Structure formats: C-alpha cells, structure tokens
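**Student:** Questions regarding the structure given below will be posed in turn.
The values are calculated or read from the model by the stated rules, or taken from the named source; none is laboratory data. The model shown is predicted, which means the values in this text are computed figures rather than measured ones. Cβ sites come from the backbone with ideal geometry, for glycine too, and all protein chains shown count toward neighbours.
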Protein chains: 2
Amino acid sequence: MPTAARVPARFEALLAKRAVAHVATVGPRGEPQSSPVWFGWDGETLAFSHTKARQKYRNLVADPRVAVSIADPDHPETYLEIRGTVTIEDDPERRYINAMAMRYLGHPFPPNPGEERVIIRVRPTHVTYQG
Amino acid sequence: MPTAARVPARFEALLAKRAVAHVATVGPRGEPQSSPVWFGWDGETLAFSHTKARQKYRNLVADPRVAVSIADPDHPETYLEIRGTVTIEDDPERRYINAMAMRYLGHPFPPNPGEERVIIRVRPTHVTYQG
C-alpha cells in the first residue's frame with residue numbers, strides 16, 4: 001500500500017461523498033475498537049461528531065491516536081486510511097452533528113436532551129490508500 | 001450501545017450482504033490502524049483473506065486482538081462491531097480469496113505470483129451494535 005502524509009488529490013471526490021468512515025481507537029486494555037461515523041472533510045482535517053457518553057470518546061481522551069478508513073461505495077477496491085492524533089472541542093450548540101445530519105440525511109439531527117456533543121478532528125499524519 | 005458476546009440474530013441479514021468490513025488492529029507503537037476487507041460469516045466466525053506482505057498481517061501476528069465493524073449499506077445508522085482474537089491459517093491454494101472474489105465480484109481473484117495468502121478468522125468475544 002502506498003503511504004503519504006497528505007491525502008492524494010484524487011481522493012477529494014471520495015471525501016466529498018456521503019460515505020461512512022470507520023474510526024479505530026485503542027481501548028482501556030490496549031485493544032482495538034472500531035465503529036462507523038458520519039464525517040466531514042475541509043481539505044485539511046477530517047472531523048466527526050461524538051457524544052461524551054460513549055467508549056470511543058473515553059478512548060480518545062486517554063489516547064488521542066486514531067485511524068479512520070473510508071471505502072469508496074462506488075468502487076469497492078478503492079479506500080483511504082487517515083491516521084493522526086485528534087483534537088476534541090465541546091459542541092454545546094450541536095453545530096457539527098447538525099451539519100453532518102444535513103449532509104447525510106438532509107435535515108437536522110433530532111435533539112437528545114442531556115446529550116453532550118463534541119467535535120473530534122483528525123489532521124492526517126499518515127495516509128494509506130488503494131485504488 | 002448494547003453489547004453481547006453473540007451476534008444478535010437480526011444481524012445475520014447484514015452479514016450475508018456484500019458489505020465491506022473495516023478491520024482495526026494495533027500497530028507496532030500501540031497505535032490503531034484500520035482498513036476495509038471483504039468478509040465471510042459462517043454463523044459463528046467472521047473470516048477474511050489477507051497477504052503476509054501487509055502491515056495488518058504483521059500486527060495480528062504480534063497482537064491477535066481485532067475489532068471489525070460493518071455498516072449496513074442500506075440502513076446507514078445500523079452497524080455491527082465484532083471484537084475477538086484471530087486465528088491465522090495459511091492458504092496456499094488461495095481458497096478463501098477466491099471464495100471472497102466469487103462472493104463480491106462473481107469471479108475468482110486474479111493470480112498474483114509469489115503472494116502468500118492467509119485466512120484470518122475472528123470468533124466474536126464482544127459484540128456492539130446499533131439499529
């Protein structure tokens with residue numbers, strides 16, 4: 001697999017699709033964990049919304065290293081993996097989950113009283129790809 | 001997220017689809033890595049083909065813990081995560097990659113002289129899901 005520190009330009013089209021990104025983190029016993037998220041890409045940073053109530057958030061607070069893989073829904077042998085270290089920002093106005101719901105569903109995300117949302121951002125430090 | 005040690009029966013339909021599974025492993029510096037694979041499920045074990053030349057194989061030889069997440073291509077908020085410890089079997093006759101290529105592409109996988117294939121199997125010890 002080729003590797004780079006920047007996302008090759010030809011993957012911009014994949015990053016603009018409503019594809020699902022799978023986020024790998026390291027759990028409390030050093031074990032891998034994985035789950036899908038909606039994501040956004042601004043040309044330099046991949047971001048996703050998360051709640052403080054879930055294990056992946058706790059994993060990233062303890063160890064901010066992350067790997068995110070995205071398969072092209074239209075070309076199943078094409079994929080991109082972005083690795084990096086996350087920054088976490090509180091999102092009390094639910095700005096990012098609503099932006100993602102607009103991108104993926106076309107309407108805001110239903111409110112969930114008491115839920116604490118954060119924005120998790122990944123700046124690529126290592127990029128692997130195929131296709 | 002609900003958790004279990006067995007895959008709930010309603011996810012059998014997802015596991016029968018030609019969805020892509022994203023495999024998270026732990027790399028040499030304890031960092032997460034993630035990449036998509038074609039997979040098969042026999043009711044008890046999730047399996048995928050891999051080559052010995054790639055980093056994910058080396059990761060799993062060093063630390064056999066794995067997490068595999070599969071998003072439902074038809075219901076984007078439904079997903080399944082299977083965690084477990086892998087077993088690795090040599091596949092000199094390329095049996096499993098050909099089975100997967102038949103499942104996903106409808107024809108055998110093109111030969112790649114010198115490539116050493118293995119079958120990686122995951123028996124779930126921890127299952128997380130949504131939807």
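**Student:** Please state which of the following conditions residue B:37 fails to meet, knowing it meets all the rest: (1) crowded, with 19+ Cβ neighbours inside 10 Å; (2) in contact with a His (Cβ under 6 Å, 6 or more places away or on another chain).
**Tutor:** (2)
The rows are residues; the columns are (1) of a type in the set (Val, Ile, Thr); (2) part of a strand (DSSP E or B); (3) buried (at least 21 other Cβ atoms within 10 Å of the Cβ); (4) in contact with a Ser or Thr (Cβ under 8 Å, 6 or more places away or on another chain).
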| site | (1), (2), (3), (4) |
| --- | --- |
| B:15 | no, no, no, no |
| B:29 | no, no, no, no |
| B:33 | no, yes, yes, yes |
| B:68 | yes, yes, yes, yes |
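**Student:** In the range A:42-55, is there at least one residue being of a type in the set (S, T, N, Q), touching a helix residue (DSSP H, G or I) at 6+ places or on another chain (Cβ under 9 Å) and part of a strand (DSSP E or B)?
**Tutor:** yes
**Student:** How many residues are more than 10 Å from chain B (Cβ to nearest Cβ) and either at positive phi or modelled with pLDDT of 95 or more (or both) when one looks only at the range A:61-83?
**Tutor:** Result for the range A:61-83: 3.
**Student:** Restricting to the range B:16-60, count the residues that are facing another protein chain (nearest Cβ under 7 Å) and in contact (Cβ under 8 Å) with a residue 60 or more places away in the chain.
**Tutor:** Residues meeting the conditions: 0.
**Student:** Here is a further query. Specify the residue that is surrounded by the fewest Cβ atoms within 10 Å (Cβ to Cβ); the eligible residues are those in the range A:75-107 that are outside any helix (DSSP H, G or I) and without any contact (Cβ under 8 Å) to a residue 12 or more places away in the chain.
**Tutor:** For the range A:75-107, the residue satisfying everything is A:106.
**Student:** Failed condition for residue A:110, given (1) of a type outside the set (D, E, K, R); (2) buried (at least 16 other Cβ atoms within 10 Å of the Cβ); (3) more than 9 Å from chain B (Cβ to nearest Cβ), with all others met?
**Tutor:** (2)
**Student:** Of the conditions (1) more than 11 Å from the chain's Cα centre (by Cα); (2) within 21 Å of residue A:68 (Cα to Cα), residue B:106 satisfies every one except a single condition; which number is it?
**Tutor:** Of everything listed in (1) more than 11 Å from the chain's Cα centre (by Cα); (2) within 21 Å of residue A:68 (Cα to Cα), residue B:106 misses just condition (2).
**Student:** Of the residues B:127, B:118, which single one is under 16 Å from residue B:15 (Cβ atoms), more than 9 Å from every other protein chain (Cβ to nearest Cβ) and in a strand (DSSP E or B)?
**Tutor:** B:127
**Student:** While we're here: Looking at the range B:1-13, which of its residues are more than 14 Å from chain A (Cβ to nearest Cβ) and either in a strand (DSSP E or B) or surrounded by fewer than 18 Cβ atoms within 10 Å (Cβ to Cβ) (or both)?
**Tutor:** Of everything in the range B:1-13, those that are more than 14 Å from chain A (Cβ to nearest Cβ) and either in a strand (DSSP E or B) or surrounded by fewer than 18 Cβ atoms within 10 Å (Cβ to Cβ) (or both) turn out to be B:4, B:5, B:6, B:8, B:9, B:10, B:12, B:13.
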